[in-house]
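The values are calculated or read from the model by the stated rules, or taken from the named source; none is laboratory data. What you are looking at is a predicted structure, and each value in this text was computed from that prediction instead of being measured. Counting neighbours? That spans all protein chains shown, and the Cβs are built from the backbone with ideal geometry, glycine included.
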């Protein structure tokens with residue numbers, strides 16, 4: 001049993017944070033660069049999916 005403070009972030013908080021950062025960065029890259037927004041958003045979605053899968057792989 002691991003003793004962690006009640007209000008400390010959990011693994012899922014970090015996974016959700018990583019997904020959010022990935023999606024936000026994809027949107028920003030799509031808006032401020034010559035890369036089409038649809039392509040940048042698609043790549044960001046793939047990265048967010050990978051973060052989700054890799055972050056929860058040992059739970060199943």
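Brief remarks on what is shown
- Among (1) at pLDDT below 95; (2) part of a helix (DSSP H, G or I); (3) surrounded by 10 or more Cβ atoms within 10 Å (Cβ to Cβ) - the single one residue 45 does not satisfy: (1)
- Candidates are the residues of segment 24-38 that are part of a helix (DSSP H, G or I) and in contact with a helix residue (DSSP H, G or I) (Cβ under 7 Å, 6 or more places away or on another chain); the one that is surrounded by the most Cβ atoms within 10 Å (Cβ to Cβ) is 26.
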